[in-house]
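Right, one structure below, let's go through it.
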Amino acid sequence: MNVTATERYDLVIRGARVIDTAQDLDAPADIGIRDGRIAAVGRLPGASDHALEATGLIASPGWIDLHAHVAYKLGRTSIHPDQDAGIARGVTTVVDAGSCGAAMYEALSTYVIRGAATRVLAFLNISLHTGLAPRHGRWENFDQKQTIDMVERHPGEIIGVKVLASRTHCGALALTPVKLAVQAARLSGAPVMCHIGNAPPVIQDVLALLGAGDIVTHCWHGKPGGLLDRRGRPIPEARAAADRGVLFDIGHGSQSFSFQTARRAMEAGLPFHTISTDLHARNLAGPVYDMATTMAKFLHLGCPLRQVIAAATLAPAGALGLEREIGTLRPGTAADVTLCKLREGPIRVTDSEGRSEEARRALDVVHTVRGGRIVFSAHPVA
């Protein structure tokens, strides 16, 4: 924790419980912001142009949703990056997880990413033409040169290649789209985000293609042929993938998160690394709702608050290769801050299989600070 002499700040967030796992910090503190960057964290007696009273709130690095669909008006199920998925929900960075392939990506970049108040990054779908649904099952959907060129044309914006490894999306091509995604990612120096679902392709073959830094999303779905065997035990290939640095992302979604699978995986010691929503128009009104509700489900499952916050801040920042810029409140990093209240329940939470349970704690977003500015407040700020 940094304690500074009297200085002047553009904004001081005063008296919050500051949780920043990158600094092993969980204590009451002030956060001083200057020129859109974190200037200091500690007891800050300095003057400021504006102070935000945050006593009784939790202040964390801005939440990062590693998997959502925000190609607003470009796809039937995509949602607004600010109002539905981003700053109005406490999320300062949202990653569009493959809503567009190379044929449509320039529209996403021009009309969504550049106009959003939320920081929006993207995985590029390995299929050139995603259309109304991102299916891979036709050979004409693939052109490695176009995909690789598009990744290289948007450094810092496209952060990887997305592939959907399931019968629904791959059809008779089975494992081929995964192989093409891995090839395109390796040649462009980017990671793969791999959706797992119903076989084929079988999960063992999919995992064998993935390496350190690649991401398996929907890791705790309840469908047959996932990371757990029919007795609820992790398959050996899942542990081997985790050991070599493959990251497991929640990607809740409409059909991809099961309380039963989560409990079995946790009991067996199988890790998850990042909490994400897979928000889109079909689950915005439930069962997903938003990042705060998804995080609350992990509090309900028994995860400590600091772990839940880390899985929504530091861990996804690391997965994006941006841990020196976001996901932390270290001085010099982007002044993205989520302020929320930990509310005692009971509340009803529901998984993707329709199972509802009574949780005891919820997270209510109160303020969102993006680039040093208060961009959302649940109530007026004086």
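Excluding same-chain residues fewer than 8 positions from Lys162, which aspartates and glutamates have a Cα within less than 16 Å of its Cα? Answer for Lys162, where 16 Å is the Cα cut-off: Asp65, Asp96, Asp143, Asp149, Glu152, Asp214, Asp249, Asp278, listed by chain and number. Rank Ala208, Pro224, Cys194 by how far each Cα sits towards the positive end of the charge dipole of the stretch 161-243 (+1 on Lys, Arg Cβ; -1 on Asp, Glu Cβ) and give me just the farthest. Towards the positive end, the residue furthest out is Pro224. Placing a label point 7 Å from the Cα of His50 along the Cα-to-Cβ line, the residues of the stretch 65-94 whose backbone N sits under 18 Å from it are 87-92. Only Lys, Arg, Asp and Glu carry charge here, each on its Cβ (+1 for the first two, -1 for the last two); on that basis the chain has a dipole of about 600 debye about its Cα centre. Counted residue by residue at 0.36 nm each, then reduced by the alpha carbon distance between them, the extension gain from Gln83 to Gln144 reaches 18.5 nm. Give the lysines reachable from Lys297 as a straight Cα distance under 21 Å; neighbours fewer than 8 places away on the same chain don't count. Counting by Cα, and skipping residues close in sequence, Lys297 has these lysines nearby: Lys223, Lys341. When Rg and Dmax of the Cα atoms in Å is computed from the coordinates, the matching label among [x] 28.5, 98; [y] 20.3, 66; [z] 21.5, 68 is [y]. Within the set of other residues whose C-beta is less than 14 Å from the C-beta of Ile113, count the net charge using Lys and Arg as +1 and Asp and Glu as -1. Spelling it out: positives minus negatives among the neighbours equals 0.
The spacing between the stretch 329-352 and the stretch 221-247, judged by their C-alpha centroids, is 28 Å. Remark: relative contact order (the chain) = 18 percent; criterion is Cα-Cα distance under 8 angstrom and separation of 6 or more residues. If you take the Cα centroid of the stretch 41-109 and the Cα centroid of the stretch 302-326, the two points sit 14 Å apart.
Dipole magnitude for the stretch 13-71: about 120 debye, using +1 per Lys or Arg Cβ and -1 per Asp or Glu Cβ, origin at the Cα centre.
Other residues with beta-carbon under 11 Å from the beta-carbon of Asp229 carry, at +1 per Lys or Arg and -1 per Asp or Glu, a net charge of +3. Within 12 Å, Cβ to Cβ, of Ala97, how many net charges do the neighbouring residues add up to if Lys/Arg are +1 and Asp/Glu are -1? Here the charged neighbours net out to -3.
Just so you know, all these numbers are worked out from the coordinates, no wet-lab data involved. Because the structure is predicted, anything quoted here is derived from the model rather than measured. Ideal geometry is used to build each Cβ from the backbone, glycine not excepted, and the neighbour counts take in all protein chains shown.
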